[in-house]
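Working notes, beginning with the structure itself.
The values are calculated or read from the model by the stated rules, or taken from the named source; none is laboratory data. This is a predicted model, so every value here is computed, not measured. Cβ placement follows ideal geometry from the backbone for every residue including glycine, while neighbour counts extend to all protein chains displayed.
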Amino acid sequence: MKETQQTNSKSLLLRLWATLASMKFAIWLLIILALISVFGLFVTEFLPDSPMASSWAEFVWTKLGQRGMTLLRDVGLTRPFHAPWYRVLIGLLAVSLLSCILQRFPGVLRRLKRGPISIDKNALRELPLHVEIAGVSREALAAHWPARFSRLQETSEAGELWRGECGQYAHLGPPLAHTGMFLLALGAFLASLGGHAFEQGGYPGETVEAPQIPFALRVDSFRVEYYPLAPGQRVLVGGELLGQILKRASHGAWLVEILGQEGMSERIELPEAMLKNRFDPEFDSGNIRDYIATVSVMEDDQVVRRAHIEVNHPLRYKGWRIYQSSYEPSRPRIAARFETASVEVLQASDSSVIDTIALPFQEEVSFAGTYSMKTADFYPDYRRGSGEDYSLSAQMNNPALRVQILQNGQPLGSTVLFQKFAFHGGFGVKTPFLFRILDITGLVATEELRTVFQFRQDRGGSVIWAGFIAMTLGLLLAFYMIHRQLWVWIEPLPDGRVRAFIGAESARGAHHFEREFHTIVAQMKQ
C-alpha cells in the first residue's frame, strides 16, 4: 500500500514538473499577464481608486457605492499590479520559466561539449548538401578546411572522418532568452512588492540625510535656467506691467501684449531691454528650461562621488535613483546689501521736505536734531507672509528697507520704506516724519534656492535590467547565429591520392548553407 502511495505521489510530482516545464504552460501565463497588463493601463480611468480623482470617479463611486468599490479595491481590481493574485501569477510564470531552463540547459551544455556528431559515409551521402571529389591530396583538403569550423578527426579501417561545426553557440540562444524572461518575471514580482520613495532637499551647503539611504547628499550648488526671450512667454515690462510676447518685431525688439486696466489689452513694440522673463515664480514658471543641482555623495564624511542632477537626468547610486523633483521658489535664502540709500525726510503734517540723508548699510545716521535712523534689513524684492518680511528674489523688483527709528538713542520702533511706491514709511512708528527712498547705490545681492530631490528605490530594477540584457543576447544568438555542420569522409586511392565525400547541413535548412557549402567545396578541389 505504501509503495502504491509513493508511486502515485512520485507520478503526481513528475506530472506537475512536466506541466511547469512546458512552454505551452508558460505561453498561456504570458497571454493572461499580457491581458491583465493592458487592463491595468486603463483601470485607473474606469475604476478609480478614490472618488476625489475626477468627476468620472465620483460618478463611478456613486453608481457602485462605497461597498462595491471597497470590494473591488480589496480584491485588487483598482490596482492590479500590486494585487496578491497578480504576484501569484508572476511568481508562477517565474517558476515555470525556471523549470524550462533547468530541464533544457544541461542538454545544451552536453551538446556544446560533445561537438559535431559522428556520421558514416552512407548517412553523409543522404544529406541534402553532399558532393564527391576524387584525385585530391589529403594535405590539400586539410589546407583548405575553413578556419571558422572546428575540426575533429576519427580514423577507422574503412577510412577517415573529419567533422566540424560553426555557430554552435546558437544553441545557447533559447536558454539565454528563457533566462532573461525568468529574470524579467522575477523583477516584475519584486517590483509589485513596492519600493521606497520620499522627497527631501536643502539649500546649497546643506547635507541631505535620511535613515532610508546608506549615504548622504551634500548640495554644492543649485540653479534655475530660463529660456531666452521667445514668443508665448510672460514677461515683466518696465519693471511694473505684466505682458506676453507675441512675436519678434525687429532685431532687439518684440511685439508684446500688455494687460491694461478694466481687462483692456494693448499691443506695443518694445525693446528687449525693457522685458524680463524672470520676475515672479508665480507667473514665470513656464519660462523655466531646467533645474540643475551639483551634489557630492558622502560616505563616512568623505566625498565618494560628484555629479549633476537635472530634470530627466537622475543620479544613480547604490540602487537609488535621485531625481531633480522641484524647488521652493517662495522662500529663497537671500544675502543682500548696499553701499548707500538716499532717504528723504518729510514733515508728516504738510509733506514738506526737511532733510535728505545718506544712509549707509547697517549704520546709524542722525537727522532732525534728536532723531536717528539705522538699517535693520534690506529686501531687493520685498514680500510679507506668515507675519514676517522676506525677499522673493535677489532682483530689484520691489526694493525695500526696514529701518529702525531712534530718539535720543532710544528705539521708537521700525518701519519699512519702499522705493517704488508713493505711500512711504511712518507706519507703526510714532514720529512726526514720513520717509521716501530716492535712490539705492552699490547693490550686492545673492540668491540661494532650496532644491527638492526625489529619492526612489524600486525593487527588482537591477534584476529587470539583467533580464533584458540576457533576453536580448539570447535572441541575437538564436536569430542571427546559424549552427552549421561539415563532414569530410576520406578514402585512400591506389595512386596515393584520396576520394573525399563532403557533406553539410544547417539548423535552418540547406538553403541557408548552400552557397557557403559550394564555396568550401570549390576551395577543397584546388
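Inspect region 338-357 for any residue being touching a Pro at 6+ places or on another chain (Cβ under 6 Å) and not acidic (D, E) and give the result as yes or no. Yes, because at least one residue in region 338-357 is touching a Pro at 6+ places or on another chain (Cβ under 6 Å) and not acidic (D, E).
May I ask you to list the residues in region 144-165 that are assigned to a strand (DSSP E or B) and either on the phi > 0 side of the Ramachandran plot or touching a helix residue (DSSP H, G or I) at 6+ places or on another chain (Cβ under 9 Å) (or both)?
E160, L161, W162
For region 61-88, filtered to residues that are out of contact with any Gly (no Cβ under 8 Å at 6 or more places or on another chain) and crowded, with 19+ Cβ neighbours inside 10 Å, the residue that is nearest to L20 (Cα to Cα) is T78. H251 meets the conditions (1) out of contact with any strand residue (DSSP E or B) (no Cβ under 7 Å at 6 or more places or on another chain); (2) surrounded by 15 or more Cβ atoms within 10 Å (Cβ to Cβ) in every case but one. The failed one is (2).
Conditions tested, residue by residue: (1) at pLDDT below 90; (2) of a type in the set (A, V, I, L, M).
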position: Y227; (1), (2): no, no
position: V235; (1), (2): no, yes
position: L241; (1), (2): yes, yes
position: S250; (1), (2): yes, no
position: N287; (1), (2): no, no
position: V303; (1), (2): no, yes
position: I309; (1), (2): no, yes
position: G319; (1), (2): yes, no
position: R331; (1), (2): yes, no
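Just one of (1) modelled with pLDDT of 90 or more; (2) out of contact with any helix residue (DSSP H, G or I) (no Cβ under 7 Å at 6 or more places or on another chain) fails for V131. It is (2). Among the criteria (1) out of contact with any Ser or Thr (no Cβ under 9 Å at 6 or more places or on another chain); (2) assigned to a loop (DSSP other than H, G, I, E, B), the one P204 does not fulfil is (1). The set of residues in region 345-364 being of a type outside the set (S, T, Y), over 15 Å from T441 (Cα atoms) and either part of a strand (DSSP E or B) or touching a Leu at 6+ places or on another chain (Cβ under 9 Å) (or both) consists of V345, L346, Q347, A348, V353, I354, D355, E364. Scanning region 82-105 for residues that are without any contact (Cβ under 8 Å) to a residue 12 or more places away in the chain and closer than 21 Å to R15 by Cβ returns a single hit, V88.
Every residue, every condition in (1) modelled with pLDDT under 90; (2) buried (at least 16 other Cβ atoms within 10 Å of the Cβ); (3) aromatic (F, W, Y); (4) over 21 Å from the mean Cα position of the chain (by Cα), yes or no:
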residue	(1), (2), (3), (4)
S156	yes, no, no, yes
L161	no, yes, no, yes
E165	no, yes, no, yes
H178	yes, yes, no, yes
S192	yes, yes, no, no
G201	no, yes, no, no
E209	no, no, no, yes
F222	no, yes, yes, no
G232	no, no, no, yes
